[in-house]
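Below is one structure, written out as structure tokens; comments come after it.
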Amino acid sequence: MKWVGQPIPRLRDPVLLKGKGRFTADIAVGAMAIRFVRSPVARGTICGIEIPEGAVVFTAADITDIKPLRPILHGRNYVPTDQPILANKRVTYVGEPVAAVIAATQSEAEDIAEQVMLDIDVLDPAIDVDEALKPDAPRVHDQAPGNVLVETSLKTPGFDAVWAKAAQVVEVDIRSRRQNAMPMETRNAHAVFDHSTGRVTLYTSVQNPHPIRTGIADVLGMPETDLRVVAPDVGGGFGQKMALVPEYVFAVWVARKLEASVAWIEDRNENLIASFHSRDQHHTVKAAFDENAKLIALEADLRCNVGAYSNYPITCGVEPLMAMSELPGPYDLREYSVRTRGVTTNTCPMAPYRGVSRPVLTLSMERIMNLAADRFGLDPVEMRRRNLITEFPYKTVTGSLYDAGTYWESLERSAEVLDLKGFRERQKKAREEGRYLGIGFSVFNERSGYGTPTFAARGMEITPGYETVEMAMDPSGYVIARIGASPHGQGLETGLSQIIADELGIEPSRIRIISGDTDATPYGWGTFASRSLVLAGGASKLAAEQMRERLNKIAGHLLQAPPEEIELAGGVARRRGHEGSVEITALARAAHHQSQLFGGGGPGLTTIATYDPAGTFSNACHSAIVEVDIETGHVKIERFLVVEDAGILINPMIVDGQIHGGVVQGIANALFEEIIYDETGNILTGSLMDFIPPTMSEVPTIEIEHLETLTDASITKAKGIGEGGTIGPPAAIINAISDALKPFGVEIFEIPATPPRIRQLIREAAKEKS
Amino acid sequence: MTEKLDVTLSVNGKRYEMKVEPRRMLADAIREECGLTGTHLGCEHGVCGACTILMDDKPVRSCLMFAVQAEGAELRTVEGLAKGNELHPIQQAFWDHHGLQCGFCTPGFLMLATGVLEQNPNIGDEELVHALSSNLCRCTGYQNILKAVKAAREEMKP
Ligand code: FES
Ligand code: FES
């Protein structure tokens, strides 16, 4: 039996189910508390900080030995920013850490923090992305006049000539409001000073312990080996926990300074206002079509609000650059003219959030396809059929190489499952009864599992990509795999165990995956960008193949057979077509304890492998059927369908779980969640009551179908699946709402499409008509 | 600082004696004084339900109560569900149906579901969704949590 492809239950679940998980706050019980005093204003000059008598409070003046965070991107007109660990002389966003209180307990630290008085001269802030681009806007950083931190453009040579021949031009103005990834476990940092060695262990809820260690060691000027970073159980990350923040740096610094054990456990309000935000984007996109409704050229101006500072190590280029290179998505396009900008404002810094830019750019492209379909009098499926890429490999206008996918097939299948024709009849009847139903499609592809070749093309000074796996079989025949990836809820351990189990002919329960500890794992980049199963999975397969060769050799010796005729399965080694076998546990013991038989002193059963591919593209079609209550503006999702292609499914149960979670975040993005700033830069959505994450009641049953394209771009033939769920829903839902509101002439271009926004559009449309 | 009070909590059938400030939240006392860190804190203001425990068999948000208010009550937390290595039917159902990913919201959902199913073993689907909507999960999209609780509803029928 093959383990790959089985929906086996996850290996770590019993621990979490029994409440025996070890999250950072659990480990930190009893540590001294750190409480940050945060800026209450968006922009201002610090005139003074008054500290209560006898309290232990640190400010910028005390930490002059710490360098600021300075992420670097090459080219792209990038302007670096220096983010201080504690605000120095000025504050640049609401929530910026200004001072740090240390006390015996959390409640004491909170009490003291409330007595720390900040005297700040308030200045006018730049908040909105478009306002910040105006010539007279307040300047967030002196070195960036115009408030642009990263800017690049591209225009294909034939663009103007082709544009001039357009039969139709469709334009959209897409506004995506600000999101917070909102993991259920907030951020935290528990730094423990070791009195015997002088080392510090930092327990912290992050997705990438190795790069976090590098970043901290760099700004503290300490050897990396003196810092151990451990990501224990991590309660969700979604991108928010992959960038280095001042709070982690301070925790390590103060643990060394006081030679103590300290902990910062973020509260929910801090998380909502001062953890990273994302998706605050404004796209203006024009598409030219020929008389056959074929897209011939695309022009785009993309503005991304990147907040007050660039983020380490990915930089604030992540959203604007991704938006530019991937805008055309699954559609064939040869002429492209685009300008993209990362705009700095006095708001919380931006970092990746599951899907990075693609939920927004997919919304842009898919709105265009729907508007164009109307223009040509085609149905949305036919419109897309004429434009989706069907021949692979395909080289995009921005230089990406798409491996085989099922862009058209996923849409065709979706229309079939949802019975598009039948739906149109139902829709017509419902309208006669004054009920407004709509259907929306969203086809997209997603670059996943990419290594250094792809990241290097982005000009990042720190180029992530490869993953390494160190594998060892112990004398009892159990396997340990140490991985650089850092799973935090994805169930990666289970998937990797399945891959390794197949190579070695043993059960997954005999395999232990070690992750999230810089002392115990090879340097790696962590878990993000739909990469871990492809990369750590690929490296696991390679390391296990080497291990299998070793075992075959030993078995060959013991069974007196040529190693290439040995086969490992069901826990035993046997010679193909022969009687007699030997237990794999016996091979393991022999490898360690009778090594003299096999040439002696060899490397035992330890292997290491690195995998670093260019990447592969997954794809999907998401579709929604909605009903809009035109009186209240409320949207009910009647059906939500995902037809996706992530290649071979290593564990289908886990894949479906990833899709479910992603889709619900995407639905939240489309309809509910928004971080709202007022014009002074104050956040109006500082609690979960105001941010409105969906509960079970808001979520429909998610239907899923899989297509399985076998790609050569991934050695396990698995493609990444982590982010896809989040990418499709905004476009599918907004297209569906717009379809429902056709009789009113309402088209939606802004997310989240909240009831008040929908009501306002209906009202405006009615006014225009009369 | 205010004077500390003597409080005795009964959690999962075990007595814990402690001295706490009157403002000490029940969730903190359970986590720190009792050392039962399975009960999690996701918001500390009563919205997310990660801190849900059973108090005299009813689901409550332990971040909204003071430790002193729980004196004399029987408290149950996630640590009390399994019997040794044998998982409680609700835990088994979450495992079988992939009702958890990161596991942070899980203890709260397990206690909420246990309380709901114990009180109303024949609860209908709609009412069940309504009840489970008191808690937030960011990973699972709720699909498999609902599946798991429905499966447990069958298992737990007396
Ligand atoms: S921690 Fe109690 S409801 Fe969120
Ligand atoms: S499993 Fe992660 S929050 Fe629910």
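The values are calculated or read from the model by the stated rules, or taken from the named source; none is laboratory data. Keep in mind it's a predicted model, so treat the numbers as computed, not measured. Using ideal geometry, Cβ is built from the backbone for each residue, glycine included, and neighbour counts are taken over all protein chains shown. Quick note on the areas: whole protein, heavy atoms, side chains included, nothing else; ligands and nucleic acids left out. Shrake-Rupley method; radii C 1.70, N 1.55, O 1.52, S 1.80 Å.
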**Message:** Against the condition at pLDDT below 95 and either more than 13 Å from every other protein chain (Cβ to nearest Cβ) or closer than 25 Å to A:Val417 by Cβ (or both), how does A:Ser595 come out, does it pass?
**Reply:** yes
**Request:** Look through segment A:641-654, keep the residues that are among the aliphatic types (A, V, I, L, M) and more than 10 Å from chain B (Cβ to nearest Cβ), and return whichever of them is surrounded by the most Cβ atoms within 10 Å (Cβ to Cβ).
**Result:** A:Ala646
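Can you report the number of residues in segment B:30-57 which are out of contact with any His (no Cβ under 7 Å at 6 or more places or on another chain) and assigned to a loop (DSSP other than H, G, I, E, B)?
At the first step, the residues of segment B:30-57 found to be out of contact with any His (no Cβ under 7 Å at 6 or more places or on another chain) are B:30-49, B:52-57.
From the residues that got through so far, the ones that are assigned to a loop (DSSP other than H, G, I, E, B) too are B:34-49, B:56-57.
Residues in segment B:30-57 being out of contact with any His (no Cβ under 7 Å at 6 or more places or on another chain) and assigned to a loop (DSSP other than H, G, I, E, B): 18 in total.
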**Asked** Could you give every pair whose Cβ atoms fall below 7 Å, whose first residue belongs to segment A:106-118 and is assigned by TED's automatic domain parsing to the domain that holds A:Gly54, and whose second residue is open to solvent by 50 Å² or more (accessible area, probe 1.4 Å) and hydrophobic (A, V, I, L, M, F, W, C), counting only separations of at least 6 or pairs across chains?
**Response** A:Val116/A:Ile49; A:Val116/A:Ile51; A:Leu118/A:Ile49
**Request:** For segment A:652-674, indicate whether the set of residues that are assigned by TED's automatic domain parsing to the domain that holds A:Gly440, away from ligand 1 (no atom under 16 Å from the Cβ) and part of a strand (DSSP E or B) is non-empty.
**Result:** no
**Prompt:** Would you pick out the residues in segment A:82-96 that are open to solvent by 60 Å² or more (accessible area, probe 1.4 Å) and on the phi < 0 side of the Ramachandran plot?
**Reply:** A:Asp82, A:Asn88, A:Arg90
**Prompt:** Hey, B:Lys58 hits all of (1) crowded, with 17+ Cβ neighbours inside 10 Å; (2) more than 12 Å from chain A (Cβ to nearest Cβ) but one; which does it fall short on?
**Reply:** (1)
**Message:** Kindly evaluate B:Gly46 against the criterion of being within 10 Å of ligand 1 (Cβ to nearest atom) and at positive phi.
**Reply:** yes
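Considering only segment B:90-98, I want to know if a residue exists there that is of a type in the set (Val, Ile, Thr), away from ligand 1 (no atom under 16 Å from the Cβ), touching a residue at least 40 places away in the same chain (Cβ under 8 Å) and buried (at least 24 other Cβ atoms within 10 Å of the Cβ). Talk me through it step by step, then tell me what you get.
Filtering segment B:90-98 down to residues of a type in the set (Val, Ile, Thr) leaves B:90.
Filter once more, so that each one left must be away from ligand 1 (no atom under 16 Å from the Cβ): B:90.
Keeping just the survivors that are touching a residue at least 40 places away in the same chain (Cβ under 8 Å) gives B:90.
Filter once more, so that each one left must be buried (at least 24 other Cβ atoms within 10 Å of the Cβ): B:90.
The answer is yes; a qualifying residue exists.
Would a scan of segment B:114-126 turn up a residue that is crowded, with 20+ Cβ neighbours inside 10 Å and either within 11 Å of chain A (Cβ to nearest Cβ) or under 20 Å from A:Val663 (Cβ atoms) (or both)?
Here is the first cut: in segment B:114-126, the residues crowded, with 20+ Cβ neighbours inside 10 Å are B:114-117.
Right, trim to either within 11 Å of chain A (Cβ to nearest Cβ) or under 20 Å from A:Val663 (Cβ atoms) (or both) and you get none.
Checked against the condition, which is being crowded, with 20+ Cβ neighbours inside 10 Å and either within 11 Å of chain A (Cβ to nearest Cβ) or under 20 Å from A:Val663 (Cβ atoms) (or both), segment B:114-126 yields no hits at all.
Which residue out of B:Cys105, B:Cys139 is within 15 Å of ligand 1 (Cβ to nearest atom) and crowded, with 18+ Cβ neighbours inside 10 Å? Reasoning before the result, please.
Values: B:Cys139 fails: within 15 Å of ligand 1 (Cβ to nearest atom).
Every option except B:Cys105 fails the conditions.
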**Item:** Unmet requirement for B:His98, which otherwise passes all of (1) at negative phi; (2) in the same structural domain as B:Leu128 (by TED's automatic domain parsing)
**Value:** (1)
**Prompt:** Can we say B:Leu110 is outside any loop (DSSP other than H, G, I, E, B), more than 10 Å from chain A (Cβ to nearest Cβ), within 16 Å of ligand 1 (Cβ to nearest atom) and not hydroxyl-bearing (Ser, Thr, Tyr)?
**Reply:** no
**Which listed residue is away from ligand 1 (no atom under 13 Å from the Cβ), of a type in the set (Val, Ile, Thr) and not in a loop (DSSP other than H, G, I, E, B), from B:Val60, B:Val68** = B:Val68
**Item:** Criterion violated by B:His45 - all others in (1) within 17 Å of A:Pro183 (Cα to Cα); (2) surrounded by fewer than 24 Cβ atoms within 10 Å (Cβ to Cβ); (3) more than 7 Å from chain A (Cβ to nearest Cβ) satisfied
**Value:** (3)
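If you check A:Ala99, A:Ala144, which single one turns out to be more than 14 Å from chain B (Cβ to nearest Cβ), of a type in the set (A, V, I, L, M) and buried (at least 20 other Cβ atoms within 10 Å of the Cβ)? Reasoning before the result, please.
Numbers: A:Ala144 fails: buried (at least 20 other Cβ atoms within 10 Å of the Cβ).
Only one candidate passes the filter, namely A:Ala99.
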**Request:** Could you pull out the residue among A:Thr695, A:Thr726, A:Thr709 that is open to solvent by 10 Å² or more (accessible area, probe 1.4 Å) and either within 16 Å of ligand 2 (Cβ to nearest atom) or outside the structural domain of A:Val626 (by TED's automatic domain parsing) (or both)?
**Result:** A:Thr695
**Complete:** Exactly one of A:Ala713, A:Ala753 is in a loop (DSSP other than H, G, I, E, B) and either hydroxyl-bearing (Ser, Thr, Tyr) or over 24 Å from A:Asn651 (Cα atoms) (or both), and that one is A:Ala753
**Prompt:** How about segment A:271-326: which of its residues are surrounded by fewer than 24 Cβ atoms within 10 Å (Cβ to Cβ), among the polar types (S, T, N, Q) and under 23 Å from A:Ala132 (Cα atoms)?
**Reply:** A:Thr284
**Item:** Scan of segment A:411-441 for residues that are more than 22 Å from A:Phe744 (Cβ to Cβ) and open to solvent by 70 Å² or more (accessible area, probe 1.4 Å), ordered by number
**Value:** A:Glu412, A:Arg413, A:Glu416, A:Asp419, A:Lys421
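For (1) touching a strand residue (DSSP E or B) at 6+ places or on another chain (Cβ under 9 Å); (2) more than 7 Å from every other protein chain (Cβ to nearest Cβ), each residue gets a yes or a no:
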site: A:Trp3; (1), (2): no, yes
site: A:Gln6; (1), (2): no, yes
site: A:Leu11; (1), (2): yes, yes
site: A:Gly21; (1), (2): yes, no
site: A:Ala28; (1), (2): yes, yes
site: A:Ala31; (1), (2): yes, yes
site: A:Phe36; (1), (2): yes, yes
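Conditions tested, residue by residue: (1) part of a helix (DSSP H, G or I); (2) closer than 23 Å to A:Glu470 by Cα.
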residue	(1), (2)
A:Glu549	yes, yes
A:Glu564	yes, no
A:Arg574	no, no
A:Gly577	no, no
A:Ala588	yes, yes
A:Ala591	yes, yes
A:Gln596	yes, no
A:Ile608	no, yes
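Condition check ((1) acidic (Asp, Glu); (2) away from ligand 1 (no atom under 16 Å from the Cβ); (3) more than 17 Å from the chain's Cα centre (by Cα)) across all residues:
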residue: B:Met18; (1), (2), (3): no, yes, yes
residue: B:Glu21; (1), (2), (3): yes, yes, yes
residue: B:Cys51; (1), (2), (3): no, no, no
residue: B:Leu64; (1), (2), (3): no, no, no
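Examine segment A:483-498 for a residue that is in a helix (DSSP H, G or I), aliphatic (A, V, I, L, M), in contact with a helix residue (DSSP H, G or I) (Cβ under 8 Å, 6 or more places away or on another chain) and open to solvent by 20 Å² or more (accessible area, probe 1.4 Å), and state whether such a residue exists.
no
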**Asked** What is the residue count in segment A:656-682 for residues that are more than 10 Å from chain B (Cβ to nearest Cβ) and farther than 24 Å from A:Phe749 by Cβ?
**Response** 3
